[in-house]
Structures are given as structure tokens and as C-alpha cells.
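Notes follow once the structure below has been shown.
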Amino acid sequence: MIDLATIDYILIFSFFAITLGVGFYVSKKSGKSSSEYFLSGRTMPWWLLGVSMVATTFSTDTPNLVTDIVRNNGVSGNWVWWAFLLTGLLTVFIYAKLWRKSNVNTDIEFYELRYGGKPAKFLRAFRAIYLGVIFNVLAMAAVTLAAIKIGQVMLGLSALETIGLAGVVTVIFSTLGGFKGVVYTDFILFFTAIIGGVGAAYYCVNLPEVGGLENLLTHNNVAGKLSILPDFSNTETLITLLIIPLAVQWWSAWYPGAEPGGGGYVAQRMLAAKNENHAIGATFFFNVLHYALRPWPWILVALTSLIVYPDIASIQEAFPNVSEDKLGHDLAYSAMLTKLPAGLLGLVIASLVAAYMSTISTHLNWGSSYIVNDFYARYVKKNASEKEQVNVGRISTIILMVVSATLALILQNALQLFNIILMFGAGTGLIFLLRWFWWRINAWSEITAMLVSGIISILFNFTGLGIIVFGGVDTVTNQEIPGILPGWATYPVIVLITTTSWLLATFLTKPESRATLINFYQKTQPGGPGWERIFKESNTKFEKKDWNVPSGILATILGCFTIYGALFGTGYWIYGKYLKASILTIVVIILSFVLRKLWFRIKSDIF
């Protein structure tokens, strides 16, 4: 526990006051209609939406997760989330304009645009609860868990005290301000979080115990963790940390903020954009900031923690007030922050509060939008007035907060929940990519994928079947049990079973009606060979435009090299490998110009 100085209290409470002020300021306009409350009237500019996406993904559990990864698997372990850049850029160059053209209120409403009949109605209602409540609550619980750990380590607060302080303020401005309040405060939260993160990294590297950057990079506890790529001589590590994320995970997994083809709160922001150009600009801006700008401050703090707190036992010794069930490597991030001086400490705590509030407020508004638009107003009370919908949204916001906070008291660490969410979405991602471009995919394809991935994940993760097939540790005898298949095969096997199942369901069930397919195509105009059969069999005249998906894929590849180049180049500048850093910097500059020209060929000027 640390003692805060007066300047720290001033910074923290000023921040609370500003965010609450924004919520009250926009509350009157946000309450006018459900469109205002959940999409801000579709008038948002690209830069504000892009910053909001970044602020949302910078949650309190993110630096904890990165710290957990680095301490266990080194810097290269971050490929488990760096790989999602591929789907992020596909969303930019291919799917963003399609989402904005669809003009739906939520990505769940999309189901009754793309599919028809009772299966589509079931899918929309089920996914509204499945994603808007169950998965949303899991994501918020992970963020709240991180806040609890920070509160315990840094301020000596109990779990309930942390939830009471940060959660109440967040739920107040989220309930009052709606989407506009969330996005406006995200702008403030983003810069607070970035300044706090960079400041913390700089100070931690220069702590006497660490001895500066040069000593950090040569320390025995750190030197083996620095590689950006995993050890190619270690087959299992290479497969787990690099090959599976790049070959399978990015396109097959559903994960909040990294959905293949866009979805969730990313789709919500694309739908809130002024037009297609602003939707594209927002998602590209988000991916640049998310992958190229933010990781290194967290990584540096994680590396310094390996010197100051080399193992869990040292963390426990330094912070005996932390409960046993919350001990883990992810605690090392907040443990390092206790070393910060007055002023910077207040700023960093404010930045962590900002990260928490930004993510939670987004999830609350996004989740309640599903509950209102895709469940209540669709199936409970179809003639609900705009005022009633806004009120239901506010009530559901409060309920979601209470449920997620309760779950957070049960969980132990961020990486645990990250892996669970990945497993539950394994194999569903390919549908989200193909459903825009292949007419044959129907509602039963998605229903099958969703149910199979969930059932198989439960069987492999929460029953003895997983240990039998993939091996593991017997919880009774604490002995290692060999499996039929290696442990790294768990995720690919779930993807294979899920993908095979939904493909079979697709061809064994009837396709969507021609009227549904034609209506969808005319509204979104995805183009491509996957719709040729509908062209030929329909009497309706389609406006066939040039298909720019090949150019979008090329732009995605160039974008990945550009952003990964910036990410790795920054790392090499930090590591003191100036030749590699200089080469990568030049390559990034050249690729940026090439990408810009290709981008303008795909789409008209974004700005």
C-alpha cells in the first residue's frame, strides 16, 4: 500500500469530476432517442471514433495481461494478440464500408438483414443475450478484476471498495451520457492513459533497482525474454506463440475488439460514423495506434518487474495484504507502479482509472444496445417509445455493471479469462469473414458454429476430456498426464471441429430465400464471385461494380508490414539495435507512401 500526496489526490479527483461533468453535459441530448443514446445520431468523425476504439481496448486488464504474457513467455508471447492486426486491417480495407452501408443499429441487427425467417430471429435474440450479456459480462469482469488487483496492491483497498469507487462513477456517466458521453470522455481518457503509461515506463526503467535501460536489457532475468520472435529451435514454443496465432487464430477466433470482419463495439463505432470514409478512417487510425504505439511502455514495465519482483513469491512478500486467490504474474504491473513518485503516481492512477472507465463504459453502452435494440424492442415490446428504450438501456447498464462486478470477485487472473474467451469463439471467425461474400452461408451455419464451439470448449476446458486428449496436470495428484495430442493442438482441434460442423450444416440446410439475399446484396453491394449464382438465377438487375476485395487484401498485407515494421522498429530503437531500427524505419516510411496510393485507389479521399 502507498501513501498518496495532495497532488495525487488533486489529479485523481479532478479526473473523476471532468468525466462526470461530460456525462451530465451530454445527458439531455443523448436521452432524446435510442439512435442518439447508442450511436450519437451517426454523426461522429473518424478521428474521434478511432481514439475511442483505442481508449476502449486500453483497459486496466491490458497492461496486466501484457505483463503476465511477458513474464511467462517473453516479449514474443504477445503474438497471441499482435496476430489480430490481420483481421483488424481486413476490417479497415474491406468490411468497414460494408458495415456502414448496411445502416443497421447494431451488428446483431445484421442477422435479420443477411438471413431470414425464424432461424434469423432466434439468432438475433440469442446473440443479443449471448454477446451482450454473457460475453460482455466476462470481458467487463476481467477489467474489473484488474482494477481490484491494482486497488489492493497500490491503495490497500478491498475488492468492494475498488468496485464502489471506480464502478459507481463509471456507471453514472455511462447511464446519463450514452454513446456520445462515452466517446467524448474516451478522448480525455486516451491521452491521460498514454501519458501515464509512458511516464510509468520511463520512471521504472530508471529505478535504482533496475539501473537504466542498458542494465535492464543485459540483466540475467530479462535477457532471455527480449526476442520479438519466439525461439525457432523450440518447436512447441514456435507453434504456440507464432504459428497458431498467425495461421489459425486471427481468422478463426471471436474476441471483443478483434472480431473477424468487425463486430461488437468496433462495429458500433463504424455504424456511428458520418459516412463510409469516416468508418474506414476510424478503424485504420485505431489499428495504427493500438499495435504500433501502445505496447512498448507496458512491455518495458513488465521487463523491469522481472528484476524487482522475479517471481510470485517476491510479489506476495512485498504485498501480504493481497488475497491468495488474486496472486499471479499479472500483479507485477501494479506492483511496479507503487515505486512511482508523487505527482506521477497520481497521474498514473488517474490513467488506470481512465483505462478502466473507458473500457467499462463502452461495454456497458454496447451491451445495453443489444439488450434494447435486438431483444427488448424486437421481441418484448415492439412498440416501445424512444424514451422507454432509453430508460431500458439505462436500467440494463446498471444491471450489467452489478453482474460483471460480482463475477470479478470470483476470477483469479486476466490471462485465464483471455484464453477462455478465445476458446469459446474458436472456429466461428471464418463465417464472419465469408458471410458478406458467399450467398450460401445461412442462419444455421452461424447457429451451428456458435453452439459447437461453446460445447467443445466446455468439454475440453472444464471436464476430464481435455486432459485425456491434450494432457495436463491432475488436480488431485498434481502429476503431469500425457495426452493423445500435444497441448498446443487444443485450439486448432476446436477450430477444425467447429468449421467442419458449420460447413456440414450449411450444405445440409436450405439456403436463404432469394428475396432475403437480393435485399442484402442491393443494400451492401459486397460484389465478388460468391454472388454470381444469385446474379444468374435472379430476374432482378444488380448494379455490378468492380470488386475491390483483391486490392483490399493487398492493402491489408502492406498495412501489416507497415504497422509491424513500426512496432518492431520501435523495439529495436529501445534495444539499441540501431542498424535494424534504421532499416525498418526507412521501410515503414516507403510502405506508408505505397499504402496511401493503394488506399486512395480503393476508396475516395478519407479526409
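What are the residue pairs meeting all of these: first residue in the stretch 578-604, first residue in contact (Cβ under 8 Å) with a residue 60 or more places away in the chain, second residue hydroxyl-bearing (Ser, Thr, Tyr) and assigned to a helix (DSSP H, G or I), Cβ atoms under 6 Å, and 6 or more apart or on different chains? Partner pairs satisfying both residue conditions: Ile602/Ser551. Among the residues of the stretch 41-54, are any touching a helix residue (DSSP H, G or I) at 6+ places or on another chain (Cβ under 9 Å), at pLDDT below 70 and not charged (D, E, K, R)? Yes.
Of all residues in the stretch 223-233, those satisfying the criterion of being in contact with a helix residue (DSSP H, G or I) (Cβ under 9 Å, 6 or more places away or on another chain) and at pLDDT below 85 are Asp231, Phe232. Only one entry of Glu259, Glu276, Glu236 meets the criterion of being buried (at least 23 other Cβ atoms within 10 Å of the Cβ) and modelled with pLDDT under 90, and that entry is Glu259. Does any residue of the stretch 14-24 turn out to be among the β-branched types (Val, Ile, Thr), surrounded by fewer than 19 Cβ atoms within 10 Å (Cβ to Cβ), in a loop (DSSP other than H, G, I, E, B) and modelled with pLDDT under 85? Checked against the condition, which is being among the β-branched types (Val, Ile, Thr), surrounded by fewer than 19 Cβ atoms within 10 Å (Cβ to Cβ), in a loop (DSSP other than H, G, I, E, B) and modelled with pLDDT under 85, the stretch 14-24 yields no hits at all.
When we screen Val183, Val133 for residues that are touching a strand residue (DSSP E or B) at 6+ places or on another chain (Cβ under 9 Å) and in contact (Cβ under 8 Å) with a residue 40 or more places away in the chain, the only hit is Val183. Contact list please: Cβ distance under 8 Å, first residue in the stretch 384-403 and within 20 Å of Val137 (Cα to Cα), second residue crowded, with 22+ Cβ neighbours inside 10 Å and among the aromatic types (Phe, Trp, Tyr), pairs at least six apart or on different chains. Short answer, once both residue conditions are applied: Gly393/Tyr37; Gly393/Phe38. Annotation: of all residues in the stretch 121-157 being closer than 21 Å to Ala377 by Cα, surrounded by fewer than 19 Cβ atoms within 10 Å (Cβ to Cβ) and not aliphatic (A, V, I, L, M), the one that is nearest to the chain's Cα centre (by Cα) is Tyr130.
Taking the stated definitions as given, is Tyr521 touching a helix residue (DSSP H, G or I) at 6+ places or on another chain (Cβ under 9 Å), farther than 24 Å from Phe84 by Cβ, of a type outside the set (S, T, N, Q) and loosely packed, with under 15 Cβ neighbours inside 10 Å?
no
Considering only residues in the stretch 546-581 that are of a type in the set (Phe, Trp, Tyr) and in a helix (DSSP H, G or I), the one that is farthest from the chain's Cα centre (by Cα) turns out to be Tyr578. Within the stretch 92-110, the set of residues being within 13 Å of Pro526 (Cα to Cα) and either hydrophobic (A, V, I, L, M, F, W, C) or in contact with a helix residue (DSSP H, G or I) (Cβ under 7 Å, 6 or more places away or on another chain) (or both) comprises Phe93, Ile94, Ala96, Lys97, Leu98, Trp99, Arg100, Lys101, Ser102. Taking the condition farther than 25 Å from Ser334 by Cβ, crowded, with 19+ Cβ neighbours inside 10 Å, at pLDDT below 75 and acidic (Asp, Glu), does Glu36 pass? So Glu36 passes the test. So for the stretch 158-166 (the condition being crowded, with 21+ Cβ neighbours inside 10 Å, at pLDDT below 80 and within 30 Å of Thr509 (Cα to Cα)), does at least one residue qualify? No. Here is the figure for the stretch 450-467: residues that are touching a Gly at 6+ places or on another chain (Cβ under 6 Å) and over 19 Å from Ile484 (Cβ atoms) total 1. In the stretch 206-230, the residues that are more than 20 Å from Leu337 (Cα to Cα) and part of a loop (DSSP other than H, G, I, E, B) form Cβ pairs under 9 Å with partners that are modelled with pLDDT of 90 or more and of a type in the set (Lys, Arg), at six or more places apart or across chains, as follows: Lys225/Arg71. No other residue among Thr516, Thr498 is among the hydroxyl-bearing types (Ser, Thr, Tyr), in contact with a Ser or Thr (Cβ under 6 Å, 6 or more places away or on another chain), in contact (Cβ under 8 Å) with a residue 24 or more places away in the chain and assigned to a helix (DSSP H, G or I) apart from Thr498.
The set of residues from the stretch 95-120 being surrounded by 24 or more Cβ atoms within 10 Å (Cβ to Cβ), at pLDDT 90 or above and of a type in the set (A, V, I, L, M) is empty.
When the helices (runs of 4 or more DSSP H) confined to the stretch 249-356 are screened for residues that are more than 28 Å from Pro45 (Cα to Cα) and in contact with a helix residue (DSSP H, G or I) (Cβ under 6 Å, 6 or more places away or on another chain), those reaching at least 1 such residues are found at 295-308, 312-318, 331-337.
In the set Ala318, Ala332, Ala302, Ala354, only one residue is out of contact with any strand residue (DSSP E or B) (no Cβ under 8 Å at 6 or more places or on another chain), free of Cβ contacts under 8 Å to residues at least 24 places away in the same chain and of a type in the set (A, V, I, L, M); that residue is Ala318.
The values are calculated or read from the model by the stated rules, or taken from the named source; none is laboratory data. As the structure is a prediction and not an experimental result, all values here were calculated from the model. In this analysis, Cβ positions are derived from the backbone assuming ideal geometry, glycine residues included, and neighbour counts consider all displayed protein chains.
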